[in-house]
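Participant: Have a look at the structure that comes next, please.
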Amino acid sequence: MTDLPTPRDRTRSAVLQGARDSGLVILAYIPFGIALGATLATSGVDPWLVVSSSVLIFAGASQLAGIQLLGAGAGIALVVLTVAVVNARHLLYSASLQPHLAEWPRGLRLLGAFLLADPVYALAAARFERPGGAGSRHEQYGYYFAAGITCLIGWTGLTAAGVFVGSLVPDSVPLGLAVPLTFLLLLLPLVKDSAGAVAAVVGGIAALLASGLPLGLATLVGAAVGLVAGGVVIRASGTPANSNPDPEASDA
Amino acid sequence: MLDAIAILLGGVVTYITRAIFLVSRRVRPPRAVKRYLPLVGPAVLGAIAVPGLLAPGGEISLATTVPAVLAGAAAWGAWRLARRQMVVGLVAGLGVWWASLWLFHTLGWG
């Protein structure tokens with residue numbers, strides 16, 4: 001390491017890393033994306049609208065729920081309410097990334113918010129919370145936007161493939177576990193202490209127990225129970241979570 | 001047309017949920033919850049991943065849950081051994097899943 005990388009090299013490497021991390025998630029999403037597109041192609045909603053929902057909403061579970069309701073003749077209010085409830089978890093992502101993005105210019109924060117889907121949040125949080133931090137501002141932009149845009153384009157492409165040619169894909173190779181495994185692998189770097197582990201396990205079991213709830217509420221209920229359980233561990237141990245990046249938090 | 005409006009509004013509400021704490025530096029999560037924010041990722045992603053691993057077809061059964069749990073354990077172990085390479089974890093997880101599905105099928109349990 002005699003030749004130190006220039007800031008430009010480091011930014012380029014952050015962009016490549018973001019695109020690569022996100023590209024892998026998209027690979028793992030192939031079965032889900034195609035199945036979702038193929039299912040929604042039979043919903044009665046215009047195929048191009050289904051594809052555009054991947055850009056506009058960019059959150060698979062809510063697209064599936066909302067468009068199926070729309071195809072079944074539900075009113076706009078119910079569809080929008082369903083999408084809002086299924087996607088309410090993004091409020092937590094927004095709050096969680098706020099300390100990391102606080103110094104970004106507002107325009108980039110607002111653009112970043114557009115890309116804040118589950119995998120993009122998980123990749124960004126893991127990167128921004130790692131011990132050395134996320135590097136310079138340009139490295140942060142490079143990683144975040146490369147990951148976000150790769151994910152947006154990949155997800156939209158997969159949905160389109162599912163809508164237009166999904167019915168041609170044989171389902172002889174079982175791939176259904178790829179998405180839960182991907183979320184497990186996105187989750188692991190974010191678990192840094194016992195409080196995080198308790199939040200993940202308790203939240204997961206609570207979501208499973210709540211799976212009978214309507215409107216996709218199970219994930220929200222699970223997340224809330226997990227947050228409380230992890231919070232109890234933090235309180236019991238009497239120390240803030242060690243991954244908290246904000247020095248101000250110590251005087252809270 | 002109504003379908004297009006519904007999807008557009010779905011996009012707007014989703015964007016609001018994503019942007020709410022990023023719009024202004026003044027809109028911040030309350031100070032009291034700040035120390036709990038690092039739990040958001042584990043809690044939400046756990047709530048997404050765990051049901052898919054414990055009840056892959058929507059319900060818990062020996063023939064589907066055991067292979068999925070083995071796959072999750074393999075993915076975790078491989079990810080750790082491979083210095084946190086996600087791709088290694090994913091390939092190992094899917095490999096173990098397929099192998100155990102095949103084994104269960106061969107033994108007549110699946």
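Participant: Kindly state, as a whole number, the per residue volume in cubic angstrom of the convex hull around the alpha carbon atoms of chain B.
Facilitator: Working: hull volume 20.8 nm³, N = 110.
Hull volume normalised by residue count: 189 Å³.
Participant: Oh, and also: What is the Cα convex hull volume of the protein assembly as shown when expressed per residue in Å³?
Facilitator: That works out to 150 Å³ per residue.
Participant: Relative contact order for chain A: what is it in percent, counting Cα pairs under 8 Å that are at least 6 residues apart?
Facilitator: With pairs under 8 Å counted, the relative contact order is 29 percent.
Participant: Something else now. What distance in nm lies between label points placed 7 Å from Cα along the C-beta direction at A:Arg106 and B:Ala63?
Facilitator: Calculated label separation equals 5.9 nm.
Participant: Right, here's the next one. Give the order of B:Val23, A:Val86, A:Val191 when sorted by the count of other beta carbons within 10 angstrom, beginning with the fewest.
Facilitator: The most exposed by this proxy come first: B:Val23, A:Val191, A:Val86.
Participant: Can you figure out the FRET efficiency of A:Asp3 with B:Arg28, using R₀ = 30 Å and their beta-carbon distance, to the nearest 0.05?
Facilitator: Taking R0 as 30 Å, the efficiency between A:Asp3 and B:Arg28 is 0.15.
Participant: In addition: Tell me the angle of helix A:60-71 to the major Cα principal axis of chain A, expressed in degrees between 0 and 90 and rounded to the nearest ten.
Facilitator: 30
Participant: Hey, another quick one. What is the angle, in °, between the Cα long axis of helix A:76-86 and the longest principal axis of the Cα atoms in chain A? Nearest 10 is fine, range 0 to 90.
Facilitator: Its long axis makes an angle of about 40 degrees.
Participant: Short version: what are the Cα gyration tensor semi-axes of the range A:191-246, square root of 5 times each eigenvalue, largest first, in whole Å?
Facilitator: 24, 10, 8
Participant: The range B:47-110: which chymotrypsin sites (Phe, Trp or Tyr not before Pro) are DSSP loop and have at most 13 other beta-carbon atoms within 10 angstrom? Working shown, then result.
Facilitator: On the way: sites: B:Trp76, B:Trp79, B:Trp97, B:Trp98, B:Trp102, B:Phe104, B:Trp109; in loops: B:Trp109.
Here the sparse-neighbourhood loop sites are B:Trp109.
Participant: For the range A:7-176, evaluate the Debye formula with one uniform point scatterer on each Cα (no solvent term) and list log10 I(q)/I(0) at q = 0.08, 0.13, 0.14 Å⁻¹, rounded to two decimals.
Facilitator: -0.27, -0.68, -0.77
Participant: Can you give me the angle between helix A:7-41 and the longest principal axis of chain A, using Cα atoms only, in degrees from 0 to 90, rounded to the nearest 10?
Facilitator: For helix A:7-41, the angle is close to 30 degrees.
Rule-based calculations on the coordinates, nothing more; no lab input. Nothing here was measured: the structure is a model prediction, and the numbers come from that model. Cβ: placed from backbone, ideal geometry, glycine included. Neighbour counts: every protein chain shown.
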